[in-house]
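This report refers to the structure that appears directly beneath it.
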Amino acid sequence: MAKPLRFCETIDMQPREKTRLQRVQTFPIRNRYAILSREFVKFHTNGFSAMLSQYFFILVMSGLAVVLPVSAIVMGHFLGPRRPDEIKNDIYESGVETIGETWVQFRAQYYLIGLVFVVFDVEALFLFPIAVAYQQLEMFAVFATIFFVLLLVIGLLYDWRKGALEWQ
Amino acid sequence: MQLPLGVEVPIPTFEQFVFIQVALLTAVAALAVVMSRNLFHSALALTLTFFGVAGIYVFLEAEFLAVSQVLVYVGAIAMLIAFAIMLTRSMMYGRTSPLNNQWGKSSLFALLFFMGLLAFARATPWPSAGEPVVADEALIAELGREFVTTYVVAFEVLGLLLLLALVGAVMLARDR
Amino acid sequence: MQITQWSDVLSGWLMGMGLPGWAAIAIVYGVGSFILINYGMLSVLLLIWITRKAISRMQDRIGPNRVGKYGLLQTVADAAKLLSKEDITPYQADKIAYNLSPVLAVSGVLMLLAVVPFAPGLSGVDLNIAALYIVALGSIGIMAALMAGWGSNNKYALLAGFRVVAQLLSYEIPLVLAILTVVLLTGSMRFGNIVEIQSLHVAGFNLGLGWLGIVMPGALIVFFISSLAEAELTPFDLLEAESELIAGFHIEYSGMKFAMFFLAQFLNAWILAAVGVTLFLGGWQGPGVGLPVIGPLLGLGYFMIKVYGIYVLQQWIRGTFPRIRIDQMMSFAWKVLVPLMIGLILIQAIIQKLPTPVAIQYVLIFIANVGVMAVVAYVLQKYFREEQIRTKRSFEPKSLIGAMQVSDEGTMY
């Protein structure tokens with residue numbers, strides 16, 4: 001049993017890596033090409049694993065993917081004229097004046113489609129890792145997978161017969 | 001790093017710094033879910049919370065779990081919640097107060113529950129990560145193999161549950 | 001010639017300048033994603049030009065030809081015009097949802113560019129779960145449509161928003177199942193791996209023609225149809241039929257916010273084409289990509305040719321197909337595409353466990369695909385013939401039929 005750790009320490013880097021990191025930090029850069037090596041980069045990124053650094057790219061990109069459209073919109077906001085008036089800011093419903101509240105009640109049909117979607121989404125999601133492992137599965141596992149899919153097929157047929165898939 | 005009241009906190013590494021940001025985002029979004037007066041804004045904040053949880057899964061190097069979280073919760077459950085808001089007319093106009101007359105008692109219980117969780121978290125001997133996990137495709141394949149070998153009963157029961165959900169959906173949401 | 005190596009080289013150089021490691025990585029990743037995002041946003045100018053030229057040719061027009069050579073600068077001029085338009089917020093709109101929605105719509109699509117493999121070793125990141133990442137981030141676009149519909153305080157926008165959500169959810173299932181067939185065959189969700197597998201080595205030379213679309217044409221066609229629906233292109237664009245209805249959930253948007261929705265829509269079509277090419281048409285694979293120096297350049301060329309080719313095909317369909325009704329659209333997803341894909345997956349799963357060599361399995365999968373498609377086509381044809389008779393009967397006035405029968409007997413006069 002390992003020694004109990006505080007929460008902050010559990011995500012700390014390993015001692016082994018720490019010592020290597022310290023060694024690299026005092027790395028005398030005599031050979032100017034040493035800094036181009038993979039090793040050098042790896043020990044200077046504070047123990048980011050390869051996978052985390054991939055998702056760090058995603059994080060950076062999501063930041064930029066929000067900032068750039070926002071800057072375009074803000075630029076448009078300042079470049080364009082601003083002359084609001086009563087009629088312009090009114091909502092456009094093909095020229096007819098709006099009657100009543102916008103947020104009217106919707107039919108249960110949408111909810112039904114949503115429910116059926118959730119079920120098939122979860123099913124497909126569970127099938128993905130099985131598909132990745134499929135080459136090494138034994139016959140029993142294959143039958144289990146096919147049985148799982150067939151259960152869902154029964155559900156789909158039931159909904160079909162009950163007319164749940166009709167759009168009224 | 002020395003905080004007031006003599007608390008000693010280690011200087012966070014960059015990874016920990018990013019983790020703290022993600023955790024804060026999740027917590028703030030979760031708070032916004034409860035505090036928002038407009039129900040639709042609560043649903044949006046809930047979506048943000050789901051993203052934050054996915055981020056925490058990424059920090060655990062459980063990328064399949066993270067992407068499942070986004071796919072199921074953001075892609076489907078958030079939609080269902082939005083549909084449900086639209087279906088219940090009285091909830092749509094929002095502007096309801098997030099507090100009712102039992103907020104005092106419930107906050108007391110929430111605080112007690114949180115203290116209990118905190119004590120539990122501190123008392124648990126967390127396994128320290130031994131060798132760093134080699135997170136590649138083999139891990140996902142391993143997960144898939146476990147579904148249909150070790151946990152095959154649970155897996156088939158899950159299939160049955162999904163079947164029941166399909167049947168129940170028709171019962172629940174049929175227009176009449 | 002891998003971008004990861006490029007990033008290593010760059011970050012190593014920056015660290016040599018005395019930056020801490022995390023800052024160097026952040027800068028390098030920032031530069032990489034900046035290039036990707038700008039490529040995405042600027043290529044839309046070209047995409048819109050292609051669309052307008054292609055569709056105007058189909059409609060016997062010339063299309064834009066005044067601004068710049070062949071009208072190439074027309075979309076630039078349009079973008080500048082949109083930039084100078086007034087930013088109108090409708091009365092009583094839900095400000096948070098209304099303003100957040102166009103940003104989310106674009107960023108959700110731009111994020112997909114991170115995993116597209118452009119050339120050997122040239123992609124943002126090669127995630128282990130790239131196939132699911134594409135589907136998962138697609139849900140941001142759905143959320144954006146719902147927010148736009150809700151936030152605009154407009155009945156039509158809200159109705160269109162809800163219908164778009166129903167459409168996108170319904171067609172996501174066949175899309176995911178089509179991706180699942182590829183994962184089942186290759187045993188990998190990584191786009192890098194999936195493209196590598198589609199090489200075809202003949203006598204040590206990489207012909208790059210082992211495309212999965214050849215092995216499973218059925219899954220390819222289903223993927224293409226559902227990607228049309230996911231990109232809201234004709235025949236599935238009934239919710240924003242510009243020529244007939246108001247524009248759908250983004251009716252209340254103007255200026256740059258409208259431009260953002262427009263951008264997201266075109267880029268989404270392009271990226272779905274790129275994902276389809278990666279999964280089914282070999283990605284950057286083609287004759288000679290294994291060559292040492294010009295290989296990656298050739299790969300980039302092949303990838304772009306294929307993706308823009310598919311894009312033009314999408315626009316061709318857009319220019320020629322009629323729209324379908326919403327009930328037909330939903331029925332087509334749930335009653336045709338989903339059962340078809342489940343059937344294909346089951347058959348493929350069984351074939352892959354047959355004790356035969358892999359080559360024979362591929363042939364069997366091909367036969368199964370063609371067979372299942374033929375059965376579906378036959379059933380559909382039969383159904384449509386009956387439907388035609390039924391609708392004809394219900395549209396003909398009863399009295400007229402009676403009158404004609406009377407006149408046939410010659411007792412009318």
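The values are calculated or read from the model by the stated rules, or taken from the named source; none is laboratory data. Worth saying up front: this structure is predicted, and the values here are computed from it rather than measured. No Cβ is skipped: glycine too gets one built from the backbone with ideal geometry, and neighbour counts run over all protein chains shown. Note: areas computed on protein heavy atoms with side chains; ligands, DNA, RNA excluded. Shrake-Rupley method; radii C 1.70, N 1.55, O 1.52, S 1.80 Å.
The figures follow:
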{"item": "FRET efficiency, C:MET17 to C:TYR378 (Cβ-Cβ, R0 60 Å, nearest 0.05)", "result": "0.30"}
{"item": "Neighbourhood net charge (13 Å Cβ-Cβ; Lys/Arg +1, Asp/Glu -1) for C:ASN193", "result": "-3"}
{"item": "Distance (nanometres) between label positions extended 7 Å along Cα→Cβ at C:LEU300 and C:ILE350", "result": "4.7 nm"}
{"item": "Interface burial for B against A (accessible surface, 1.4 Å probe, total of both chains, Å², rounded to 100)", "result": "5900 Å²"}
{"item": "Inter-chain shielding of B:38-45 (mean C-beta neighbours from other protein chains, 10 Å cut-off)", "result": "4"}
{"item": "Which listed pairs, of C:LYS69/C:LYS95; A:LYS88/C:LYS53; C:LYS69/C:LYS257; B:LYS105/C:LYS155; C:LYS53/C:LYS95; A:LYS162/C:LYS257, have C-alpha distances above 31 Å, in listed order", "result": "C:LYS69/C:LYS95; A:LYS88/C:LYS53; B:LYS105/C:LYS155; C:LYS53/C:LYS95; A:LYS162/C:LYS257"}
{"item": "Under Karplus coefficients 6.51, -1.76 and 1.60, residue-wise ³J(HN,Hα) of region A:86-91 in Hz, glycine/proline x", "result": "3, 6, 5, 7, 5, 7"}
{"item": "Three-way shape label, region A:108-162, alpha-carbon gyration tensor, a/c 1.5", "result": "oblate"}
{"item": "5 angstrom amide H check on C:ASN206, placed H, neighbours 5+ away", "result": "C:GLY288, C:GLY290"}
{"item": "Neighbouring partner chain Cβ atoms per residue of C:102-108, average, 10 Å criterion", "result": "5"}
{"item": "Distance between modelled label sites at C:LEU207 and B:LYS105, nm, 7 Å Cα→Cβ extension", "result": "7.7 nm"}
{"item": "GNM top mover of C:GLU387, C:GLU230, C:GLU172 - chain C, alpha-carbon springs below 10 Å", "result": "C:GLU387"}
{"item": "Inter-chain Cβ neighbour average for residues C:334-342, partner chain, 10 Å", "result": "4"}
{"item": "Peptides A:124-132, B:118-126, B:164-172, A:59-67 ordered by average Cβ neighbours within 10 Å, highest first", "result": "A:124-132, A:59-67, B:164-172, B:118-126"}
{"item": "Share of carbon and sulfur in the accessible heavy-atom surface of region C:1-84 [1.4 Å probe, %]", "result": "69 percent"}
{"item": "Peptides ranked, highest mean first, by Cβ atoms within 10 Å: ranges B:41-53, A:135-147", "result": "B:41-53, A:135-147"}
{"item": "Partners for C:LYS392 among lysines (Cα-Cα distance below 17 Å; same-chain residues under 8 apart left out)", "result": "C:LYS382"}
{"item": "Spin-label pair A:LYS162/C:ILE96, simplified geometry with 7 Å Cα→Cβ offset, distance in nm", "result": "3.5 nm"}
{"item": "Peptides C:203-211, C:285-293 ordered by average Cβ neighbours within 10 Å, highest first", "result": "C:285-293, C:203-211"}
{"item": "In region C:295-403, the trypsin sites (Lys or Arg not before Pro) that fall in loop regions by DSSP, at most 11 other Cβ within 10 Å", "result": "C:ARG325"}
{"item": "Selected from C:ASN153, C:ASN65, C:ASN193 as most flexible by GNM, with chain C as the system and alpha-carbon contacts under 10 Å", "result": "C:ASN65"}
{"item": "Added length on full extension, which subtracts the Cα-Cα distance from 0.36 nm per residue, C:VAL31 to C:LYS335", "result": "104.8 nm"}
{"item": "For chain C: rounded, prolate or oblate by the Cα gyration tensor [a/c cutoff 1.5]", "result": "oblate"}
{"item": "Among C:GLN59, C:GLN314, C:GLN198, residue whose mean-square fluctuation peaks in a GNM of chain C (springs only between Cα atoms under 10 Å)", "result": "C:GLN59"}
{"item": "Per residue accessible area of region B:1-94, 1.4 Å probe, in Å²", "result": "47 Å²"}
{"item": "Summed residue charge, Cβ within 14 Å of C:ALA130's Cβ, Lys/Arg positive, Asp/Glu negative", "result": "-4"}
{"item": "Prolate/oblate/rounded label for region C:1-84 (Cα gyration tensor, a/c 1.5)", "result": "prolate"}
{"item": "Relative contact order (%) - criterion: Cα under 8 Å, at least six apart; region: chain C", "result": "19 percent"}
{"item": "FRET E, pair C:GLN328, C:ARG393, Förster distance 22 Å, beta-carbon r, rounded to 0.05", "result": "0.75"}
